[in-house]
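Participant: One structure, pasted below without further comment.
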Amino acid sequence: MVGSGGGGGGAVGSGLLENANPLAYERSGERPVTAGEEDEHVPDSIDAREIFDLIRSINDPEHPLTLEELNVVEQVRVQVSDPESTVAVAFTPTIPHCSRATLIGLSIKVKLLPSLPQRFKMDVHITPGTHASEHAVNKQLADKERVAAALENTHLLEVVNLCPSARS
């Protein structure tokens, strides 16, 4: 279920929230750490839950809630193949015209990049059919040069870095 579309439109800088009343969801429980995961001598493959645990606490750029609490990210939309070194994360903006969708995708990438071994290829994209500009946003998020250029913009980088701040 996606958030309510009952927000009062408006431009990003206008001070109005695009989605003034988003639906909030309950956080999933913490994953218990197994003895095998704590043993440094046992190879520990990366799985969907580990990736979800990294991104679930990213703060939404518009609301004082996490992406998990807004149901923007869910473990079922995280696909990992450790043998193939791939991670795919589909995220669902709370409204179909969310102007912050690219920012959310960038925040997910910024959180995952330093956490994954370099051998991994990452695909962060909008869940199909959930955003009006899905193709354009996905194209931006898939373009390494555009992502690198966006992260060189100091103002944008400050906003992106505020999003991954985990709350206790």
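Coordinate-derived values only; no laboratory data. All figures in this text were calculated on a predicted structure; none of them were measured in a lab. Here Cβ is always computed from backbone atoms with ideal geometry, including for glycine, and neighbour counts include all displayed protein chains.
Participant: Using amide H atoms built in the peptide plane, which far-off residues or other-chain residues are under 5 Å from R100 H to H?
Facilitator: Residues meeting the criterion, in which the H sits 1.01 Å from N, do not exist here.
Participant: What length, rounded to one decimal in nm, is gained on full extension from T86 through to E152, with 0.36 nm per residue of separation minus their alpha-carbon distance? Intermediate values should be presented prior to the final figure.
Facilitator: Values: separation 66, 0.36 × 66 = 23.76 nm, distance 2.53 nm.
Extra length available between T86 and E152 comes to 21.2 nm.
Participant: Just to be sure I understand the model, the point goes 7 Å from the Cα along the line to the Cβ. What's the resulting Q140 to R119 distance in nm?
Facilitator: So the label points at Q140 and R119 sit 3.3 nm apart.
Participant: Moving to a separate point now. Hey, what do the phi angles of segment 118-125 turn into as Karplus ³J(HN,Hα) couplings, whole Hz, using 6.51/-1.76/1.60 and θ = phi - 60°, x for Gly and Pro?
Facilitator: Residue by residue, segment 118-125 yields 4, 5, 7, 9, 10, 10, 10, 8 Hz.
Participant: Tell me which residues come under 5 Å, amide H to amide H, from D123 once H is placed; ignore anything under 5 positions away on its chain.
Facilitator: Close amide H contacts, sequence-distant or interchain: V87, A88, V89.
Participant: While we're on this one: Convert each backbone phi in segment 71-84 into a coupling constant with the Karplus relation 6.51 cos²θ - 1.76 cosθ + 1.60 (shift: θ = phi - 60°), then list the ³J(HN,Hα) values in order as whole Hz, x for Gly and Pro.
Facilitator: Here the 3J(HN,Hα) series is 6, 6, 10, 9, 4, 5, 9, 10, 10, 10, 10, 5, x, 8 Hz.
Participant: Still on this structure: Of the peptides 116-123, 78-85, how do they stack up when ordered by the mean number of other Cβ atoms within 10 Å, highest first?
Facilitator: Numbers: 116-123: 12.6, 78-85: 14.6.
Going from most to least packed, we get 78-85, 116-123.
Participant: Ignoring solvent entirely, what values of log10 I(q)/I(0) come out of the Debye formula for segment 48-162 at 0.10, 0.23 Å⁻¹ when each Cα is a single scatterer?
Facilitator: One equal scatterer on each Cα of segment 48-162 leads to -0.26, -1.52.
Participant: Roughly how many whole Å is it from the C-alpha centroid of segment 75-108 to that of segment 125-158?
Facilitator: Each part's Cα centre sits 11 Å from the other's.
Participant: Please list, in order along segment 49-58, the HN-Hα scalar couplings obtained from phi with the Karplus expression 6.51 cos²θ - 1.76 cosθ + 1.60 (θ = phi - 60°), rounded to whole Hz, x for Gly and Pro.
Facilitator: 5, 5, 5, 4, 4, 6, 9, 4, 9, 4
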